[in-house]
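Structure first, commentary second.
The values are calculated or read from the model by the stated rules, or taken from the named source; none is laboratory data. Nothing here was measured: the structure is a model prediction, and the numbers come from that model. Cβ placement follows ideal geometry from the backbone for every residue including glycine, while neighbour counts extend to all protein chains displayed. Accessible surface is based on the protein model in full, side chains and every heavy atom, while ligands, DNA and RNA are left aside. Shrake-Rupley method; radii C 1.70, N 1.55, O 1.52, S 1.80 Å.
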Amino acid sequence: DPAVDGILVQLPLPGQIDAQAVIQAIDPDKDVDGFHPVNAGRLATGSEGFVPCTPLGCLMLLKSIHPSLSGMDAVVVGRSNIVGKPMAQLLLGESCTVTVAHSRTRNLAEVVGRADIVVAAVGVPGLVKGEWIKPGASVIDVGINRTETGLVGDVEYDAAAERAGAITPVPGGVGPMTIAVLLRNTLVSAGRREGVAIDQTAL
């Protein structure tokens, strides 16, 4: 349908539906969520395509305080296709030295402790302890976990905030960026389809 510029699949889908089959049915050039395997491949090879909204929003947050990320030591805690893997690819594209860790990483405290940038996206409340954070590090908490005390992230916020140079709250940190990037991607898609050049650096 030429009147449609962007399509997203609201995940998770009910268990009886094959989410990958649904995502793969979308035109990659309308895949504004960036989940289609073609767009994943484009990201991995440094080609132009749609990038998943949450990782791209995280990168925008980081670049708002670090105009150059080149040479920085980054740790991504989490290896999902939606956040962890594309986040690592984006940071590599910015010339960071990137480690992908997860809940089974040995000596996770040591791995996190050497990072200039920590992106936590593993879905375990408070997995990343505040005392692990390198003083002055930038911490992006993608986790959003429902607990008896309310929504919490994957990082012990209060303790981490005492050591971090910058840190995102949960809720209200990464979530609004995800929505903004989804709108950005849709605008970029519309521009491409209409042959209108859009300055993506301004978005």
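When Rg is the radius of gyration of the Cα atoms in the chain and Rh is its Kirkwood radius, what does Rg/Rh come to? Please report the intermediate quantities before stating the final value.
Working: Rg = 17.2 Å, Rh = 17.6 Å.
Over the Cα atoms of the chain, Rg/Rh equals 0.98.
If DNA, RNA and ligands are ignored and the probe is 1.4 Å, what is the ranking of His66, His36 by accessible area, most exposed first?
Correct descending sequence by accessible area is His66, His36.
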(message) Starting from a Cα-only point model with no solvent, please compute log10 I(q)/I(0) by Debye for the stretch 1-94 at q = 0.23 1/Å.
(response) -1.21
(request) May I ask for the net charge around Met60, where only other residues with Cβ less than 14 Å from the Cβ of Met60 are counted and Lys, Arg are +1 while Asp, Glu are -1? (result) +1
(request) Add +1 for every Lys or Arg and -1 for every Asp or Glu among the other residues with Cβ under 15 Å from the Cβ of Ala160, and state the total. (result) -4
(request) Please report the orientation-averaged projected area of the stretch 40-124, defined via the convex hull of its C-alpha atoms, in nm². (result) 5.4
(request) Only Lys, Arg, Asp and Glu count, each charged at its Cβ (+1, +1, -1, -1), so figure out the dipole size of the chain about its Cα centre, rounded to 20 debye. (result) 360
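Per residue, how much accessible surface does the chain expose to a 1.4 Å probe? Answer in Å², no decimals.
51
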(message) Looking only at the chain, where both bridge partners belong to it, what percent of the DSSP beta bridges are antiparallel (to the nearest 5)?
(response) 15
